[in-house]
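Below is one structure, written out as structure tokens; the observations come after it.
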């Protein structure tokens, strides 16, 4: 698993374990992204819509910490992803979402 720490964001990608084990590992190793926004890049693997539910606990953890959680995925129907998750096709869009959510939090929304 490759972890890239930026100023206010942690990006996780290039993992080899099955998606369920990966999600469990990310949730239990929250020291990697404590107090930071989190981007998980799954664009390099084939992922099914049902697999996105595995990210729900990570999303809840990030929301309770008042931080953003964005998943990058390709070749999926974005209209079928769970509404409580933010899924985008590119890294640029992930950063844009985080920036918008930080502005909303600063404004008290």
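Has segment 75-85 got any residue that is surrounded by 14 or more Cβ atoms within 10 Å (Cβ to Cβ) and within 10 Å of the chain's Cα centre (by Cα)? Scanning segment 75-85 turns up at least one residue that is surrounded by 14 or more Cβ atoms within 10 Å (Cβ to Cβ) and within 10 Å of the chain's Cα centre (by Cα). Among residues that are surrounded by 13 or more Cβ atoms within 10 Å (Cβ to Cβ) and either at pLDDT below 90 or in a helix (DSSP H, G or I) (or both), residue 109 is not included. Counting only strands (runs of 3 or more DSSP E) wholly contained in segment 1-102, the ones carrying 3 or more residues that are at negative phi and in contact (Cβ under 8 Å) with a residue 24 or more places away in the chain occupy 9-13, 37-41, 69-72. The single residue among 64, 43 that is modelled with pLDDT under 95 and in contact with a strand residue (DSSP E or B) (Cβ under 6 Å, 6 or more places away or on another chain) turns out to be 43.
Reported count of residues in segment 3-23, each being exposed (fewer than 13 other Cβ atoms within 10 Å of the Cβ) and closer than 16 Å to residue 69 by Cβ, is 3. Only one entry of 31, 61 meets the criterion of being more than 22 Å from residue 81 (Cβ to Cβ) and either within 13 Å of the chain's Cα centre (by Cα) or surrounded by fewer than 13 Cβ atoms within 10 Å (Cβ to Cβ) (or both), and that entry is 31.
Annotation note: of 96, 14, 20, the sole residue that is at pLDDT below 95 and over 16 Å from residue 2 (Cα atoms) is 20.
The values are calculated or read from the model by the stated rules, or taken from the named source; none is laboratory data. Please read these numbers as outputs of a predicted model, since none were measured by experiment. Cβ coordinates were reconstructed from backbone atoms using ideal geometry, including for glycine residues, and neighbour counts include every protein chain displayed.
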